[in-house]
Each structure stands twice: as C-alpha cells, then as structure tokens.
Amino acid sequence: MAFDGIVISNVVRDMKEKLVDGRIYKIYQPEKDELNIVIKNNRENYRLLISADASLPLIYFQQSAKENPMTAPNFCMLLRKHINNGRIVDIYQPGFERIVVIVIEHLDEMGDLKRKKLITEIMGKHSNIIFATDDDIIIDSIKHISHMISSVREVLPGRTYEYPPAGGKVSPLEITEENFRERVKESPVNIIKAIYQNITGFSPVAAAEICYRAGLDGNASTASLSEGDMDSLYSSFAGVVSDIKSGNYVPQIVIDGYTPVEFSSIEMTMYVDKMIEYRENISQVLDEYFYRKSAVTRIRQKSADLRKIVSNAIERTSKKYDLQLKQLKDTESREKYRIYGELINTYGYGIEPGTESFEALNYYTDEMVKIPLDKTISVMDNSKRYFAKYNKLKRTYDALAALTVETKEELDHLISVQTFLDMAIDENSLTQVKEELVACGYIKGHYGRNGDRKGDRKAVKAKPLHYISRDGFHMYVGKNNIQNDELTFKLANGGDMWFHAKKMPGSHVVVRLEGAGELPDSTYEEAARLAAYYSSGRTAPKVEIDYTERRNIKKPTGAKPGFVIYHTNYSMIAEPQIAGIKELV
C-alpha cells in the first residue's frame, strides 16, 4: 500500500474540483483520530473522510458514513464552532509532501471575515489533523505532540505551525535533471532507495515502477548505473512527473488472485503477473480497496479452520492418487505375463526340465521373445505361475482403473472448494462451502446438517453474483459448488447460455435470454470474462471458456456438487478482467 505524495496529489486535485466554493455543512468525529466532513457544493453533498489513525491515515471522499457518538468530542465541537457553514476557498499540497491544507473562510463572532486552515498530515504514526489560523498559529489538533513526545517539533495550541522537516528531499515538481542525476548517483544505496530518499512524496512502490519502466533492476546499486542507464531512469521519472503536472492520473487497484494488494494513481506496468482494475477516481479506488482488503482479511480469518481442513484433505488425497497411479503403472506388465503363459503352453512340450529360459516366437508381434523359467518347478507350473501373476495384476488394474477416476474426481472437487474459499467475499458464502464439506463427509461430529455449529442460528442463504451486460442481459455467477448446481439446474432455463472455464475449477455463469433469440457478441464476451475471472485461472492473462445452451448440461448420478458434463459446446478465449461490467446488488 502506498498512500504517497502522488496519490495525495490526485486526491487534492479531485478535492479542488469538487469542494472549492463549497460550504461545510456538518462535521462529525466518529473515531478519536478521524473526522467526517459533509460539504455542500453545486447542489451535491460530498462526504470527506480524514483519518490520522497511526496504522491507516487517509483522506478521500467516502461513500457511506459511520455511526457517530452521541456526544461530540472537544476537537469536533471546536471545529463546529469556528468553521461550520464556512466556505472552502482553497486546497493545496505544500511541497508535494503528504500534507493537505484546506483553507476555510468564515465569519467570526464579531461578524468579521476570517480564514482558518485545516491541515492533514498523512505520515504513518506521526499523522495528525491540525486546526490553525491563517497566519499558522495552532488553535488545536486531534493529537497533541509535546517536546516529551517529539524533540523535532511541538504541535500544541498556541504554538506556530511548522511543516515537518523534509529531510533533504526535493519536490519532484521542482527538481532539475542535473540535480536528479547528481542525487541518485551519489546515494550509496540501491536505485529504488536513491529515488524515494531524495524525492518528496515518492514511495518505494513508485520508485520501483520508475526503475521497471527504465528497464533497470531497482535493487542494483547506484554505482552500477551507466550514463545510458541514467538517461533511461530520468526519462521514466520525467514521464511520471509530466503526468502529475498535467493531472493525467490513472486510478487503479492491483489484484493478486482475489486479494487487492496495491493501489496507485499512476499506471503500474511492473505488475505484469497481476490483474489491474481501473476506476473513475482515486476516492473510488481507496474506498473499494480498503473495503475489499478488510473484507478479505475478515473472511480469511473466519475461514482459517475450513482452509486447514481442505488443505489437509487435498494433501491426503493427492498422496493417495499418486500411489494409485504408481500401482496402476505397475500393472502395465500384466499382458506380458499372459503372453508368457500362452507361449509356454504352446511351445513348452520340447523344453527340458531344469531349463532357466527359452526363446519362442511371439505370434502377436512376430518377434522372438526370451521367457525366464524357474528351474525348480515344472514347465507347466511356470505357465500357471505366469497366468496367476497376470490374473492378479488384471484384478488390480480393474480395481485401480475405477479407483483412480474416483480419487481424481475427489481431488478436483477439493481443489474447487479451495478455489471458492479463495473467492469467498461474505459469511453466507462460507456457510455454503461448510455445508458442502459436511455433506461430503470432510466435517463431522459437532456440525449440524446445514454446516453450522450445533446451536448456531441458521445463516441467510447466499445469493449468486448478479451482473447485467451492456446489452441489458442478466448474468449470474455461482459463488460455490452448491450455488453452481442451483444456478444451473434450478434458476436457468434450457435455452439460457451457460459458461465455464475449460478444465479448471470455477463458477458457473448463466446468461438469461428471457425470450431473446440470441445473445449479442458483446454479451458473450462479458459472460466469458466473468467465467474467466471467477475461476482458478484468474491470474492468467487468457483463459479458455466453454459455452453452450443450458439444456446440454447434465449432472451424473452421484456426482460431487458443482460437477457436470457436456458434449456439445463452443469455446472462446477471454481475459479474466471484469472492469466495466455492471454488478447489481
């Protein structure tokens, strides 16, 4: 996560567009280090979240509000007294630092026009929200910092506000090419550190992206840089700075599997093995990123026991399957023993007792074959022994041929359950996965028939994901194997279209035709993208998708949940990317 100066510059740009000339309508303080400010402007209400929490400092437009305390804290009451109904006249980011200054114009108790500053510092454990006069005298702050806490600067009422020390860094908007080259070259560290330790507002992630664009190893020492390398490095840096100056931001979330791992306001080309989702503005990115991140963390914690059960079952079943395949391979010699027995019966009348081997013509292949014999027993007993070996191996083969199919189906089913555990986004989805594990006998004893612990209240039944294509067709996506069965065999009609990633675990996707003759190509493409995205191939650049009419899908008797067969289908290649497909909640 990189809430750096680049992201903040994007947030400030959006704030200036939406909030300047707006009126502060309401001020709340739902947490001890957090403010929610509602601003009215151009007939719109904007909810600004400002957090100075040490573990997660933030500032962006929030979609929903938290519950507020019955009694407002003192800092909130102070802000209401001074700037409630105040007009925002300016918003800026000084020196490309992780600081946002909101300048507010208001009438004081005497009716005179005054200006105040609400300063937000996004600096990890040193984050703060400071309320000051126009001439930088601190009125109050959400955190009081005395000399006992910091010897660098105090943040207390009555003190003069000073920006945090820059540590010798230079703003990327002001640095010259010569200064950039000099600073990077003279830093006795790797290239990534040389960039973010010298340039204000640049995080290690942004520095790594610049190195990647330049085709350089960011972990290499600056001493290894040639003149050509420096040319490429500065060119990449200047390109990012040019985008910042022109406001050419690209708000995006980087997804690894089903987990959001990074966000950015610049194009992150270095994540070639991960998926990028784009959004209209940086506040949408931040709101969605932190919501999804917390949801994934919460669900992963709740699913830890299930994951362990499934992981152990996969390991156990894999070992069993490997052993069965080895035993099956050992039975490949069975036909050889049958032929040996037949050849001994055919040619054995001329063999002398005590012979250790003899050669005979294999009339199946017209080749001579050497047959070992046990000289301690008769020739005919050798024949019987070979036939006995053959019959034993044949019985083993017949049994294993069925067992390996059964074990492979069990292994595929467990891997599909593991895939859906990775995809789970709510507790109801987990409940259905648990129910499936109970039904298949992987969880026993203290769980009830519906998969809940005995005595627990029954969870609300999970619904499939629901999307609508640009052409207006409803598309449904199963979130687990049980839901896949319900979606395919209960919700869908025979003429509806069915999509699934080819030969890999994943969701069934059903597109309802609802009387339409045929789907447009764009809907086929969107449904295929959904099937690719909600599959174990989600991290691949391309996924092959099978699609057919629902009437062609059959479920074998006794098959595991989610397992179906079909023999009439078409295939297409799709990217596992669902940005732009509208989801209905």
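Fewest-first ordering of 413, 147, 126 by other beta carbons within 10 Å of each residue's beta carbon gives 147, 126, 413.
So for region 366-426, what percent of the C-alpha to C-alpha distances run longer than 12 Å? Distances greater than 12 Å cover 79 percent of the Cα pairs. If R0 is taken as 56 Å, the Cβ-Cβ distance between residue 378 and residue 554 corresponds to a FRET efficiency of 0.50. Using the Cα coordinates of region 465-584, the gyration tensor eigenvalues translate into equivalent-ellipsoid semi-axes of 19, 17, 13 Å, sorted from longest to shortest.
Considering only 130, 202, 72, the residue lying farthest towards the positive end of the dipole of region 61-210 is 72, judged by Cα position with unit charges set on Cβ.
For the pair residue 67 and residue 388 in one chain, pulling the backbone fully straight at 0.36 nm per residue adds 107.7 nm over the alpha carbon distance. Quick one: grab the alpha carbon gyration tensor of region 270-318, order the square roots of its eigenvalues as a ≥ b ≥ c, and give me rounded if a/c is under 1.5, else prolate or oblate depending on whether a/b is larger than b/c. Oblate is the answer for region 270-318, as a/c is 1.5 or above yet b/c matches or exceeds a/b. So what's the net charge close to residue 283: Lys and Arg +1, Asp and Glu -1, counting the other residues with Cβ under 14 Å from its Cβ? Net local charge, residue 283 excluded: -1. Couplings for region 352-368, taken from phi via the Karplus curve 6.51 cos²θ - 1.76 cosθ + 1.60 with θ = phi - 60°, read 6, x, x, 6, 8, 6, 8, 9, 9, 7, 7, 6, 7, 10, 6, 10, 7 Hz in order; Gly and Pro are left as x. Dipole check for region 465-584: with +1 at the C-beta of Lys and Arg, -1 at the C-beta of Asp and Glu, and the Cα centre as origin, the magnitude is about 480 Debye. Only Cα pairs under 8 Å and 6+ residues apart enter the sum, and on that basis the relative contact order of the chain stands at 8 percent.
Modelled this way, with points 7 Å down the Cα-to-C-beta line, the labels at residue 491 and residue 440 are 2.1 nm from one another. Taking the C-alpha atoms only, the angle from helix 282-302 to the longest principal axis of the chain is near 50 degrees. Just to confirm a number: summing +1 for Lys and Arg and -1 for Asp and Glu over residues other than residue 398 whose beta-carbon lies under 13 angstrom from that of residue 398, what do you get? Summing Lys/Arg as +1 and Asp/Glu as -1 gives +4.
For residue 262, the residues whose amide H sits under 5 Å from its own are 254, ignoring neighbours fewer than 5 places away on the same chain, with H placed 1.01 Å from N.
With charges set only on the Cβ (+1 for Lys and Arg, -1 for Asp and Glu), what does the dipole of the chain come to about its Cα centre, in debye to the nearest 20?
2420
Between residue 147 and residue 186, the modelled labels are 3.4 nm apart [label points 7 Å from Cα along Cα→Cβ].
For region 315-416, the share of alpha carbon pairs falling in successive 10 Å distance bins from zero is 15, 34, 23, 16, 10, 2, 0 percent. When the square roots of the Cα gyration tensor eigenvalues are ordered a ≥ b ≥ c, the ratio a/c for region 5-141 is under 1.5, which makes its shape rounded. Over the chain, the alpha carbon radius of gyration divided by the compact-protein estimate 2.2 N^0.38 Å works out to 1.39. Our helix-only sum for the chain, with -39,500 (n - 2.57) per DSSP H run of n ≥ 4 divided by its residues, gives a mean residue ellipticity at 222 nm of -12000 deg cm²/dmol. Label-to-label distance, residue 176 versus residue 369, with points set 7 angstrom from Cα along the beta-carbon direction: 8.9 nm. Tally Lys/Arg at +1 and Asp/Glu at -1 over every other residue whose Cβ is under 11 Å from the Cβ of residue 505; what's the total? Local charge sum for residue 505: 0.
Charge dipole (Cα centre; +1 on Lys/Arg Cβ, -1 on Asp/Glu Cβ; no other charges) of region 177-298 amounts to roughly 400 debye.
Coordinate-derived values only; no laboratory data. Values in this document were obtained by computation on a predicted structure and should not be read as measured data. Ideal geometry is used to build each Cβ from the backbone, glycine not excepted, and the neighbour counts take in all protein chains shown.
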